[in-house]
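Below: the structure, in structure tokens.
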């Protein structure tokens, strides 16, 4: 199973101090959705059922039903090992499930190759960026365009059959580089970019496909604070353009700031769904992150209280072990 971050990286303490920003969100269609795992959506862009993936004795994904709402930003969260990245891989064709059916815009995707999924308008980025380091930034962008005549074997030798199309793709790529403030890096090797700049390049390249659904796997991982706000703004702009966004993230401030809907996974299953505020108060989410004995609303807990409880538990376990010997 693809590894997620360690659960200690989930900044639960920030949940109490980060106000939820709701202005401008498309929440009208979400208000009537039931806050239960696998909730039915009035206009779902992705629908999946009975999706499982097992690695030896470990069932990494065991999703009975999932629906991704259209035109909003959906966060997929959960502790380390919850199966989030594995589910991403299954939905986008980068891995093959043991069982399950899912669709994108009512078109079945089971066993559809990843490149065909992307051509249908469902594009993903990766936690570890996949830029082509030895190509320039603009060349990386051109590669993202679909339906290129020059990629066909017999026509590649005749530039007049595809040069106009490549010029159009270059104009579009330059527009996106300006939007993501990468135009100054246009001729630089992609491998020379910083981690945050590579994230921006990967997002910009994904837009060359003109996708309906963009899936971002931990877009803030390894990004310095100077670029984080820029990335947040770009993710919000995707929704403003009418696109759907599904992202995996451990930064709870980001989840509360930009997501309209949150899906929570634990041990391969979906355990909760809802708006950011409702999910943070859900006992199933508290159980997944802190253990089943907790019954406190995460929004009302600060970091010191969580650390104090954890230290007390460790001391109690050490005392019991010493007494047993």
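Observations
- In summary, helices (runs of 4 or more DSSP H) completely within segment 214-289 and bearing 2 or more residues that are over 18 Å from residue 46 (Cα atoms) and more than 17 Å from the chain's Cα centre (by Cα) occur at 225-240, 276-280.
- Residue ID - modelled with the lowest pLDDT, chosen from residues in segment 139-148 that are over 19 Å from residue 219 (Cα atoms) and touching a helix residue (DSSP H, G or I) at 6+ places or on another chain (Cβ under 6 Å): 146
- Within segment 67-116, considering residues that are part of a helix (DSSP H, G or I) and over 24 Å from residue 269 (Cβ atoms), the one nearest to the chain's Cα centre (by Cα): 114
- Count of residues meeting criterion [surrounded by 15 or more Cβ atoms within 10 Å (Cβ to Cβ) and more than 10 Å from residue 138 (Cα to Cα)] in segment 180-189: 1
The values are calculated or read from the model by the stated rules, or taken from the named source; none is laboratory data. Since we're looking at a predicted model, the values are computed, not measured. Please note: Cβ atoms are built from the backbone with ideal geometry, for glycine as well, and neighbour counts cover all protein chains shown.
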